[in-house]
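Student: Below are the structure tokens for one structure; questions will follow.
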Amino acid sequence: IGQYTAGAILSLAFEQDEPIVDANVERVFARLFDVDSPVKENKSFFWDKARELIPSGRAREFNQALMELGALVCSKKPDCGRCPLAGMCESLRLGIVHERPVLTKGADIIPVTVVTGVLSHHNRIFIQKRRPEDVWGGLWEYPGGCPEDGETHPQTIVREYKEETSFDVTPREKLCVIKHGYTRYRVTLHCYRLELAGACNGLPHPVLTEATDHLWADLEQIARRAFPAGHRKLTDMLLKNPKRIFG
């Protein structure tokens, strides 16, 4: 017999602490933990996580509850308002519940490289609001874009800031690399700390070409803004370690 049947017999009939992972459980875990690669590539993670979470001596109730949660609440059309795990769900927090789980349907995954920069000045960080007609319209972001042929990543972010805001910026150190998957795309987001090139006493006003609004925000204001998932992950990193930006 297979792993699923063995888990069902041992937990339901003999009350042993063994997990059961079906498609419903995979869907719950993919959303709860924001698993951004295809389900079939994460089978071991799902089983290991299910085993780790079993309350000792209560595998029968836990396994049944988890499967029912996936079947009735965290279904293909999730009812997040009724979900008892909503406060713990990473994909709900990032606003990407309907992009999880990632399924492979025969189409190739398209890799995308994006460079973005966090520009700080006078203990504020520059963010801009995406146009309504764009992907993720109305959300806030750190400016950036895809490298052109022959560009290094620092050259890309200098060009993108100039084109999108008119600011001349100087890249400093690389902050992080964030990987994020959605639909058919696998995005690798390279993030840099930026400074304004040249002296500037106040907070300069941008000339926006790819956004409808901007804000020189403090950390409290940034924490309250809605970002696309990749930029939200970058924001989380900044909020946990603001010294990476402000020194």
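FYI, it's all coordinate maths here, none of it is from the lab. All figures in this text were calculated on a predicted structure; none of them were measured in a lab. Cβ: placed from backbone, ideal geometry, glycine included. Neighbour counts: every protein chain shown.
Student: Taking every DSSP beta bridge that has both residues in region 115-247, what percent is antiparallel when rounded to the nearest 5? Display every interim value, and only then the final one.
Tutor: Details: 23 of 28 bridges.
Bridges in region 115-247 are about 80 percent antiparallel.
Student: So how strong a dipole does region 132-221 carry about its Cα centre when Lys and Arg Cβ are +1 and Asp and Glu Cβ are -1, to the nearest 20 debye?
Tutor: Computed about the Cα centre, the dipole is about 440 debye.
Student: Dividing the alpha-carbon radius of gyration of region 156-207 by 2.2 N^0.38 Å (N being the number of residues), what value is obtained?
Tutor: Working: Rg = 13.9 Å, N = 52, 2.2 N^0.38 = 9.9 Å.
Compared with the compact-globule rule of thumb, region 156-207 sits at 1.41.
Student: Determine one quarter of the surface area of the Cα convex hull of the chain, which equals its mean projected area, and express it in nm² to one decimal.
Tutor: Result: a mean projected hull area of 16.2 nm².
Student: Which of Gly87, Ala50, Val21 sits closest to the plus end of the dipole of region 17-110, meaning its Cα is farthest towards the positive end, when Lys and Arg get +1 and Asp and Glu get -1 on the C-beta?
Tutor: Towards the positive end, the residue furthest out is Gly87.
Student: While we're looking at this one, here's another question. Okay, helix-only estimate at 222 nm for the chain: each DSSP H run of n ≥ 4 adds -39500 (n - 2.57), divide by all residues, round to 500 deg cm²/dmol; what do you get?
Tutor: Theoretical 222 nm ellipticity from helices: -9500 deg cm²/dmol.
Student: Quick one: which of Lys49/Lys174; Lys49/Lys233; Lys76/Lys129 span more than 28 angstrom between C-alpha atoms?
Tutor: Distance filter (> 28 Å) returns Lys49/Lys174; Lys76/Lys129.
Student: Taking the alpha-carbon distance from Lys40 and a cut-off under 15 Å, which aspartates and glutamates remain once sequence neighbours fewer than 8 residues away in the same chain are dropped?
Tutor: Lys40 reaches Asp22, Glu26, Asp48, Asp108.
Student: In region 13-74, which GluC sites (Glu not before Pro) fall in coil by DSSP and have 15 or fewer other Cβ atoms within 10 Å?
Tutor: Loop-located and lightly packed - Glu15.
Student: Only four residue types carry charge here, +1 at the Cβ of Lys and Arg and -1 at the Cβ of Asp and Glu. Report the dipole size of the chain about the Cα centre in Debye, rounded to the nearest 20. Walk me through the numbers on the way to the answer.
Tutor: Details: 33 positive and 33 negative charges, 66 e Å.
Charge dipole of the chain: 320 debye, to the nearest 20.
Student: Further question on the same structure: Could you work out how far helix 153-165 tilts from the main Cα principal axis of the chain, as a 0 to 90 degree angle to the nearest 10?
Tutor: Roughly 70 degrees between the two axes.
Student: With θ taken as phi - 60° and the coefficients 6.51, -1.76 and 1.60, list the Karplus ³J(HN,Hα) couplings across region 19-24 in order, rounded to whole Hz; mark glycine and proline as x.
Tutor: Listing the rounded values in order: x, 10, 10, 10, 4, 5 Hz.
Student: Please identify the longest segment of the chain free of exposed trypsin sites (Lys or Arg not before Pro), where exposed means a DSSP state other than H, G, I, E or B and no more than 14 other Cβ atoms within 10 Å.
Tutor: Longest stretch, sites excluded: 106-183.
Student: With a ≥ b ≥ c the root eigenvalues of the C-alpha gyration tensor of region 1-128, is it rounded (a/c under 1.5), prolate (a/b larger than b/c) or oblate?
Tutor: Numbers: a/c = 2.46, a/b = 1.91, b/c = 1.29.
Prolate shape, in that a/c is at least 1.5 and a/b is the bigger ratio.
Student: Counting other Cβ atoms within 10 Å, which GluC sites (Glu not before Pro) in region 137-166 have at most 15 and lie in a DSSP loop?
Tutor: Glu148, Glu151
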